[in-house]
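Inspection log for the structure reproduced underneath, given as structure tokens.
The values are calculated or read from the model by the stated rules, or taken from the named source; none is laboratory data. Quantities reported herein were computed from a predicted structural model and do not represent experimental measurements. Cβ sites come from the backbone with ideal geometry, for glycine too, and all protein chains shown count toward neighbours.
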Amino acid sequence: MDVERVELGPARLVGVQETVPMDHLTEFFDRAFGAAAGGLAAQGAPPTGPAVALYRGDVTEVVDLTAGFVVPLDAPAPGDGLVDVRLPEGAAVVTVHVGPYDTLEQTYAELGRWMAERGLAARDVMWEEYLDGPAGEPDPARWRTRVVTPIS
């Protein structure tokens, strides 16, 4: 597994924030990414980067998350139904998962072991950036998800 230590600068995420059961994530993502893209486009600032899902706290059967898109720091405030979240700054570890979403758990387990071997602790927030997915790549084995884990 290739893991990189990085320093994260300031960034904003505009999207939909909810607490969602894990077995309803697909429906939530479809709705949230559509609402965020539509809201940003209505303001004349359509998304230019990948869709992002920001997870807060422990990922269990129900998760607190925001799904949307990173926007420029000087972008206008989001429209109705959207939230504006500052992504954490500072030290983080990053890896890229290649494969279907239902195998992401394996990447998280490997990343957890990698961090433990180095004495690194995750903060209470992390996010996924969907670099290649079902919208542009029909083969799930080729989907790429960037996993960003801020560390303390």
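Residues that are β-branched (Val, Ile, Thr), in contact with a helix residue (DSSP H, G or I) (Cβ under 6 Å, 6 or more places away or on another chain), touching a residue at least 24 places away in the same chain (Cβ under 8 Å) and in a strand (DSSP E or B) occur in segment 18-35; there is at least one.
When you look at Val148, is it surrounded by fewer than 18 Cβ atoms within 10 Å (Cβ to Cβ), under 18 Å from Arg56 (Cα atoms) and touching a residue at least 60 places away in the same chain (Cβ under 8 Å), yes or no?
no
Among the strands (runs of 3 or more DSSP E) confined to segment 76-152, the ones with at least 1 residues that are out of contact with any Leu (no Cβ under 7 Å at 6 or more places or on another chain) and basic (Lys, Arg) are located at 83-86.
Residues of segment 1-15 that are more than 26 Å from Gly39 (Cα to Cα), out of contact with any helix residue (DSSP H, G or I) (no Cβ under 6 Å at 6 or more places or on another chain) and either of a type outside the set (A, V, I, L, M) or modelled with pLDDT under 95 (or both): Asp2, Glu4, Arg5, Glu7.
Checked against (1) crowded, with 20+ Cβ neighbours inside 10 Å; (2) under 14 Å from Arg144 (Cα atoms); (3) among the aromatic types (Phe, Trp, Tyr), Tyr101 passes all but a single condition, namely (1).
For segment 36-59, the tally of residues that are in a loop (DSSP other than H, G, I, E, B) and more than 30 Å from Ala121 (Cβ to Cβ) stands at 6.
One line per residue, one yes/no per condition, for (1) more than 13 Å from the chain's Cα centre (by Cα); (2) under 19 Å from Pro10 (Cα atoms); (3) at pLDDT below 95:
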position	(1), (2), (3)
Phe29	no, no, no
Ala32	no, no, no
Pro46	yes, no, yes
Gly49	no, yes, yes
Gly57	yes, no, yes
Glu61	yes, no, yes
Phe69	no, yes, no
Pro76	yes, yes, yes
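Please indicate, with yes or no, whether at least one residue in segment 60-67 is closer than 24 Å to Tyr101 by Cα, assigned to a strand (DSSP E or B), touching a residue at least 60 places away in the same chain (Cβ under 8 Å) and out of contact with any Lys or Arg (no Cβ under 8 Å at 6 or more places or on another chain).
At the first step, the residues of segment 60-67 found to be closer than 24 Å to Tyr101 by Cα are 60-67.
Now restrict to residues that are assigned to a strand (DSSP E or B): 62-67.
With the extra rule that they be touching a residue at least 60 places away in the same chain (Cβ under 8 Å), the set shrinks to none.
Within segment 60-67, not a single residue is closer than 24 Å to Tyr101 by Cα, assigned to a strand (DSSP E or B), touching a residue at least 60 places away in the same chain (Cβ under 8 Å) and out of contact with any Lys or Arg (no Cβ under 8 Å at 6 or more places or on another chain).
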